[in-house]
Amino acid sequence: MIAELKRIVLAEDNANDVELTLTALRENHVVNEVIVVRDGAEALDYLYRRNGYADRPPGNPAVVLLDLKMPKLDGLEVLRRIKSDPAMRSVPVVVLTSSREERDLVRTYDLGVNAYVVKPVDFHEFVEAVKLLGGFWAVVNETPPGVPGP
Amino acid sequence: MTRIKLPAWHSLRLRLPLIMSAFIAAVLTMFLWVSYRQVENALLEAGGARAQGAADQLATLLMQSAQQRMTDLQRAARSSAVLAYLQDPGDATAADARQRLASLTTPNQPAVELWDDHGTRLLTVSGPAGRAAPAQIAITRPPSRTGLSGFQVSGDAVFWDAVAEVDASPATEPPPAPAGKRLGYVVSRRLLSASTSDVLGRLIGTGVVVQIGNRTGDVWTDLSKVVAAPPVDVKQNGVAEYRTADGRRRLGASALIRGTPWAVWVEFPRGVVVAPAMTFLTRMLIVGVCFVVTAALLARTISARITTPLHDLTHAAEAIAAGTPVARVDTNRRDEIGRLGAAFDTMAEQVHGVQRELEQRVEKRVAELHETRQELDGFFGLSLDMLCIAGTDGYFKRLNPAWSETLGWTDDELRRTPYLDFVHPDDREATTRIAAQLANGSTVVQFENRWACRDGSYRWLQWKAAPVPGRDFIYGSARDITEQKTADSRIRGLNDQLEQRVSELHALSQELEAFSYSVSHDLRAPLRHVTGFAAILDKSAGPALDEKNRRHLRTISDAATRMGRLIDDLLVFSRMGRTELMLGRVDLAALVADVRRELAAETNGRPIAWTIHPLPVVRADVATLRLVLVNLMSNALKYSATRPKAEIEIGCNGTPEETVVFVRDNGVGFDMQYAHKLFGVFQRLHSSDEFEGTGIGLANVRRIVHRHGGRVWAEGAVGRGATFSFSLPGTGETS
């Protein structure tokens, strides 16, 4: 059963945030394999099995956790590409961001994001948020899921 | 009005008689000429007939005379004595024959001769006593034929021959037997004598010319001398007229003399014949002249009668034209002229009336004009604007004092110099072009140019000018707009600066936005890491740490959390200055009630006395106004928390200009000398140990209220509560 768990893609350039996120997932007992990519371009490479990810096992991830501010392609652009490709559209995308900027929220929802999570400064809150997310998508081995509130 | 001088020959008084006389004279002349011609023709006809009669008579007389002679000769030729002599010439028979022939002789005429058939003259018997016939007319040749010969001429003498044949047949008297044996001829030569002419003259009348001659025209005589044949046809009877070499016209008639080769011509001078016609003409002329003179006199009288009133009318009309008050024409006549005069008098009176009225109106108008002109002159002089009348010749004609006052030149200087000389050299071309436009009749033109002042400076003048229709003038009105120009350029400079500032500000605002965006992402991330790793550390190493170190770890986490909140507040404050306000109707009472419900959770059931006065509906952005109320009301709650019973009062004071809302509490209050610090960012009057908070709330309140166009202020005293008020422009409606 566990072996069949799908992967989680975490697109995040900041190593500290990666570690915190992975810690939070672990604390919540999310055992899916987490693929960490460091920028938007790498995220797309993984999703489309290109370049360094050309020989990864097939299949779409359970969820993509996407930071907005990344080098090369930013999160919004990655989101736009995923949601404009019929083959990728069903992959759930959760935006994890430091930003409370309203315009970011509006733009991501316009592009069809499945959830939007503001990373709280308080780590415990963050753990709670990740717990919700992980529990919803990663553990459930079925796609597409519904869109939960953050 | 000029008086028309009529030339004498144009006057009806002279022309009418002249025309009538000329007409009558012409008719009379024509009539006289026709009559004269008729009389003359009649007289000529009568004269011709008379001449023809005379010619015929004369011809008959001559014929009888000639035939008588021929008969006598033939008798003698047939007589026995002559015959005997020729058959038996001898002395005895000769005597008898001579005696017989002697009976044929006439005094003053040539001899009668007897010739034999062989052309030998046998006997010559002279006439009785008298002059002998001239020698040159003696018969020299034997006769060749019998009968009467044509006239012959020798010198002055004109003569003719009569020849009778003697034949052998027995004498039987008369008639002679035809063609017996011819023995000889009896020959008689006759002279035409002058006496014949006298006889004829007495017979026909004086002035008459009678000519006799051969029909062949070779020999003609007037019985006194040989003449040329008449220049008419004399081979037949008839009347003819001809013109002599010296131009005199003569009338005559010819007649043939039967039994002879002769003709007669009788002629008169034509003048004699037509003399009565001339007499007739003369008399008729006298009558005609009398008639014409009479008619002329009559016509003159009539024309005078007609034209005199006309003259009077003319004089009267001229008098009216010259302005003489009333000129009357009393013709005292009942005909058309009388009516004309009467009509003229009526007209003259009306004209006079109209003239008087016109004069009065003109006087009134002149007075009005004078007044208007004085008014205009007054305005002209008073005007602050520079008014002028300029000629198209390039000079000013008239200027008002504003010119001298503005430019410093005297009126004289301005008018004596071509105005273009005062215009700034850079503006002259444009000004010349506009002046040309105006001269070509363009309507109103507006333009600006610079004018030289006496002190060497230039003033900007704004012009409005128009040509004066039909005259070589331009009306111009100018205004000194130098100040305005300067101000304009200053304003333009300021505007440019302002625009630059705005764009700078815009760039700054964009930078700020990028900055705050960056802050919200990048500044928060390290804090998150601090708290995150502190939490992990606490979890993993917490049980091993002593109380003091655990407290340090907690302080790290708390400080980071607090900094995160500060950043969030700062971002909200920054956003508050940029987000767009959506103004609409906001029911303050409902909003206050809503906020009160929201805050109730934080009061933890402590006793609070709310006093909410009636509140109006205001025009505001509901989201930000809500933030204002949340801040003020939560502050009131916060600073009255130390009181046994919190008292919070919310109300409204309206003025026509603004709506003032206040929130009053009975809390700790504040020292008024620090009141100005209340609304600053991160400015606090209490330590965060006493009352928690970041110090951004009131700064947000002030920013929101200012953006609504209102004010915000606070009153209070330490320990005696505080009252925070804000105003919104416009009168609110009571809900």
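The values are calculated or read from the model by the stated rules, or taken from the named source; none is laboratory data. Being a predicted model, the structure only gives us computed values, none of them experimental. As a convention, Cβ positions derive from the backbone with ideal geometry for all residues, glycine included, and neighbour counts pool all protein chains shown. With ligands, DNA and RNA removed, areas are computed over all heavy atoms of the protein, side chains included. Shrake-Rupley method; radii C 1.70, N 1.55, O 1.52, S 1.80 Å.
Pairing chain A with chain B buries about 2100 Å² of accessible area. This figure sums both sides and uses a 1.4 Å probe. Find the centroid of the Cα atoms in region B:340-368 and in region A:72-123, then give the distance between the two in whole Å. Spelled out, the Cα-based centre of one part sits 105 Å from the other.
Extension gain for B:R182-B:F23 works out to 48.8 nm (0.36 nm per residue, less the C-alpha to C-alpha distance).
Modelled label positions at B:E318 and B:T244, each set 7 Å beyond Cα in the direction of Cβ, lie 6.5 nm from each other.
Here the 3J(HN,Hα) profile of region B:540-547, calculated from phi with Karplus coefficients 6.51, -1.76 and 1.60 at θ = phi - 60°, is 7, 9, x, x, 7, 7, 7, 4 Hz, Gly and Pro shown as x.
Across all directions, the average projected area of the convex hull around the alpha carbons of the protein assembly as shown is 113.5 nm².
Note on B:N332 and A:R89: their simple-model spin labels are 13.1 nm apart, each label 7 Å out from Cα toward Cβ. Helix-only arithmetic for chain B: the sum of -39500 (n - 2.57) across DSSP H runs with n ≥ 4, divided by the residue total, places the mean residue ellipticity at 222 nm at -16500 deg cm²/dmol.
Heads up, I need the accessible area for B:D496: 1.4 angstrom probe, whole protein in place, Å², nearest 10. Looks like 90 Å² after rounding. Per-residue shielding of B:517-526, expressed as the average number of other chain Cβ atoms within 10 Å of the residue Cβ, stands at 5. The portion of the accessible surface of region B:57-162 made up by carbon and sulfur, rounded to a whole percent, is 47 (1.4 Å probe; DNA, RNA and ligands excluded). Count Lys and Arg as plus one, Asp and Glu as minus one, and take only other residues whose Cβ is under 11 Å from that of B:R415; the net charge is then 0. Per residue of B:559-570, other chain Cβ atoms within 10 Å of the residue Cβ number 2 on average.
Once the mean of 1/r is taken over each pair of separate Cα atoms and inverted, region B:540-588 shows a Kirkwood hydrodynamic radius of 14.4 Å. Taking K and R as +1 and D and E as -1, what net charge do the other residues with C-beta under 9 Å from the C-beta of B:L183 add up to? Residues close to B:L183 contribute a combined charge of -2.
Proximity of backbone amide H atoms, modeled 1.01 Å from N, is registered between B:E448 and B:W463 at under 5 Å, excluding neighbours fewer than 5 places apart on the same chain. Relative to the longest principal axis of the Cα atoms of chain B, the long axis of helix B:12-78 makes an angle of roughly 20 degrees.
Using a/c under 1.5 as the rounded threshold, could you call region B:279-394 rounded, prolate or oblate? The axes a ≥ b ≥ c are square roots of the C-alpha gyration tensor eigenvalues, and prolate needs a/b larger than b/c, oblate otherwise. In terms of gyration-tensor shape, oblate.
The long axis of helix B:91-102 is offset from the longest Cα principal axis of chain B by roughly 40 degrees.
Sorting B:S518, B:S540, B:S188 by solvent-accessible area of protein heavy atoms yields B:S540, B:S518, B:S188, largest first, with a 1.4 Å probe. Label-to-label distance for B:R373 and B:T294 is 7.1 nm, based on points extended 7 Å past Cα in the beta-carbon direction. Restricting region B:610-677 to GluC sites (Glu not before Pro) that sit in a DSSP loop and have at most 10 other Cβ atoms within 10 Å of their own Cβ leaves B:E657. Comparing Cα centroids, region B:699-725 and region B:428-466 end up 60 angstrom apart.
Per-peptide packing, taken as the mean over residues of other Cβ atoms within 10 Å, places B:248-257, A:27-36 in the sequence B:248-257, A:27-36 from highest down. For the set B:K464/B:K485; B:K548/B:K638; A:K69/B:K677, the pairs lying more than 27 angstrom apart at their alpha carbons are B:K548/B:K638; A:K69/B:K677.
Restricting the trypsin sites (Lys or Arg not before Pro) of region B:484-562 to loop positions (DSSP other than H, G, I, E, B) with no more than 11 neighbouring Cβ atoms within 10 Å leaves nothing.
Annotation: per residue accessible area for the protein assembly as shown equals 56 Å², rounded to a whole number [probe 1.4 Å, protein chains only]. The angle between the Cα long axis of helix B:428-439 and the longest principal axis of the Cα atoms of chain B comes to about 50 degrees, rounded to the nearest 10. Put simply, the amide H of B:I481, placed in the peptide plane, has neighbours under 5 Å in B:W460, B:L461, B:Q462, leaving out anything fewer than 5 places away on its chain.
Between B:V362 and A:R107, what's the calculated FRET efficiency when r is the beta-carbon distance and R0 is 60 Å? Round to 0.05. Efficiency, rounded to the nearest 0.05: 0.10. The alpha carbon centroids of region B:234-267 and region B:16-61 are separated by 23 Å.
Applying both filters, DSSP loop and at most 14 other Cβ atoms within 10 Å, to the trypsin sites (Lys or Arg not before Pro) of region B:1-82 gives B:R3, B:K5. In straight-distance terms, cross-link reach from B:K225 covers every one of the lysines whose alpha-carbon lies under 26 Å from its own, apart from those fewer than eight places away in the same chain; here that gives B:K235. Note on B:461-467: average number of Cβ atoms from other chains within 10 Å of each residue's Cβ is 0.
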